[in-house]
C-alpha cells in the first residue's frame with residue numbers, strides 16, 4: 001500500500017474513510033500520521049472522490065475569546081437572577097423604566113388633584129370603583145418604593 005494523501009485534520013480523514021467504506025474501496029488510514037493508504041490501482045479513483053468532496057484543508061484561526069461568554073454563563077448558571085434580572089427590581093436595573101412607570105402611575109391622580117385644588121371643588125364623591133383605583137395606585141407606589149429601599153440596603157451590605 002502506498003500513501004495516497006496526507007490530511008491536516010483528523011475529521012477530514014475520518015470523513016473520507018467513511019465515504020470510501022460506503023463505496024467498498026479497499027484502503028487503510030493512519031490517524032496518528034493523518035494519512036490515507038491504498039493500492040496504486042485505486043489511487044486515481046480515491047483522488048477523484050477526494051476532489052469531488054471539496055474538503056477544506058485551510059488553517060483555522062482560533063479566537064482566544066470564543067469561550068468567554070460560555071465561561072461567564074457556566075460560573076453563574078446557578079446564580080438566581082444573574083441573566084434575567086431576578087431579584088433586582090426591574091425599575092432599578094433599567095433606570096429608564098423607573099421614572100416612566102412612576103410618571104404613568106401617578107400622572108392622572110396628581111393632575112386630578114391639582115385641578116380639584118384650583119377649582120376649589122372639594123366635594124369628593126367616592127364610589128367603589130374610585131376607591132379601588134385609589135388603592136391600586138397607592139399599593140403600586142408604596143411597593144415600588146419599598147423594593148427600591150430594600151435594594152439600596154442590600155447594596156450597602158455587600
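The values are calculated or read from the model by the stated rules, or taken from the named source; none is laboratory data. Not measured: the values here are computed from a predicted model. In this analysis, Cβ positions are derived from the backbone assuming ideal geometry, glycine residues included, and neighbour counts consider all displayed protein chains.
Identify, from the list 76, 51, the residue that is loosely packed, with under 11 Cβ neighbours inside 10 Å and either modelled with pLDDT of 70 or more or within 17 Å of residue 6 (Cβ to Cβ) (or both).
On the way: 76 fails: loosely packed, with under 11 Cβ neighbours inside 10 Å.
Result: 51 is the single residue among 76, 51 that is loosely packed, with under 11 Cβ neighbours inside 10 Å and either modelled with pLDDT of 70 or more or within 17 Å of residue 6 (Cβ to Cβ) (or both).
Any chance you could count how many residues in region 132-151 are surrounded by 11 or more Cβ atoms within 10 Å (Cβ to Cβ) and either modelled with pLDDT under 75 or within 34 Å of the chain's Cα centre (by Cα) (or both)?
Number satisfying all stated conditions: 10.
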